1. With region 190-290 as the region, which helices (runs of 4 or more DSSP H) entirely inside it contain at least 2 residues that are modelled with pLDDT of 85 or more?
2. Mind checking which residues of region 45-94 are out of contact with any helix residue (DSSP H, G or I) (no Cβ under 7 Å at 6 or more places or on another chain), part of a loop (DSSP other than H, G, I, E, B) and crowded, with 17+ Cβ neighbours inside 10 Å?
3. For residue 107, only one of the following conditions fails: (1) closer than 22 Å to residue 261 by Cβ; (2) in contact (Cβ under 8 Å) with a residue 24 or more places away in the chain; (3) out of contact with any strand residue (DSSP E or B) (no Cβ under 7 Å at 6 or more places or on another chain). What is its number?
4. Provide a single number: the residues in region 137-177 that are on the phi > 0 side of the Ramachandran plot and surrounded by 19 or more Cβ atoms within 10 Å (Cβ to Cβ).
5. Report yes if residue 140 is closer than 21 Å to residue 263 by Cβ and either touching a strand residue (DSSP E or B) at 6+ places or on another chain (Cβ under 8 Å) or in a loop (DSSP other than H, G, I, E, B) (or both), otherwise no.
6. From the set of residues in region 1-22 that are surrounded by fewer than 22 Cβ atoms within 10 Å (Cβ to Cβ) and at pLDDT 95 or above, which is nearest to residue 86 (Cα to Cα)?
């Protein structure tokens, strides 16, 4: 593993990391691992703490890094439709970054950057620091599902997303905070980085996953009927049904070093035959085949412009 001090000394660009989180303990977010995974390559780390019902604040404080800058926030329940509140909280964290940073590195509370990609990301930030055509850097994704051994590889998962952006307050979090756009709606011009972000948002004990699934569904739906649905979901004693997925593949790589203790603690049994596919229709099967055989993903939604 690369020495953290060496990484900082070798950087010629200034970088602010930022994230937001609420109820990390309640919902089992690997937020400590998430934050620590980019600490070596940022000069400061902004953490926007929501009004949690658990010990999330203590959890973040336990990291003990002088780089961490905490701001407190109260989530606005009126901004639930379409997950808008998530973008609002992201913008709060982004706006707290110092003005003289060249880049802003965004990471969500269930994402972890593998340490093997630190040099790659640093090199890209330095390479494009003075190339103003490049407004963001695009990462590939591993979406883990059900267990740390499975990756979701169907069309429902985004294959790439922006995680490093210019330090420009006219860039805003877009929709439900998955990516970014300019205030006027223009897509950011980006360069790809040969690095993967590891997304663990769908790996939890089924009971805990069921509770998160029900509660977070409310962030996209504000109607009273959905409240009733969410309560019914939380009463399901069997937990979340991970078998309802179109396609998975086995993960054959290595997890980030920071995640190894969590991987070793997996104590639930999710067994899915990755050879069996459950595609919605023939079109989805064809698009999947094109991706697997030829590496192309036609008609895939992209919230960016590659240059």
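1. 206-217, 260-264
2. 52, 80 - these are the residues of region 45-94 that are out of contact with any helix residue (DSSP H, G or I) (no Cβ under 7 Å at 6 or more places or on another chain), part of a loop (DSSP other than H, G, I, E, B) and crowded, with 17+ Cβ neighbours inside 10 Å.
3. The single condition residue 107 does not satisfy is (3).
4. 2
5. Yes; evaluated as a whole, the condition is true for this residue.
6. 14
The values are calculated or read from the model by the stated rules, or taken from the named source; none is laboratory data. Everything numeric here is computed off the predicted structure, so don't read it as measured data. So basically every Cβ, Gly included, is an ideal-geometry build from the backbone, and we count neighbours across all protein chains shown.
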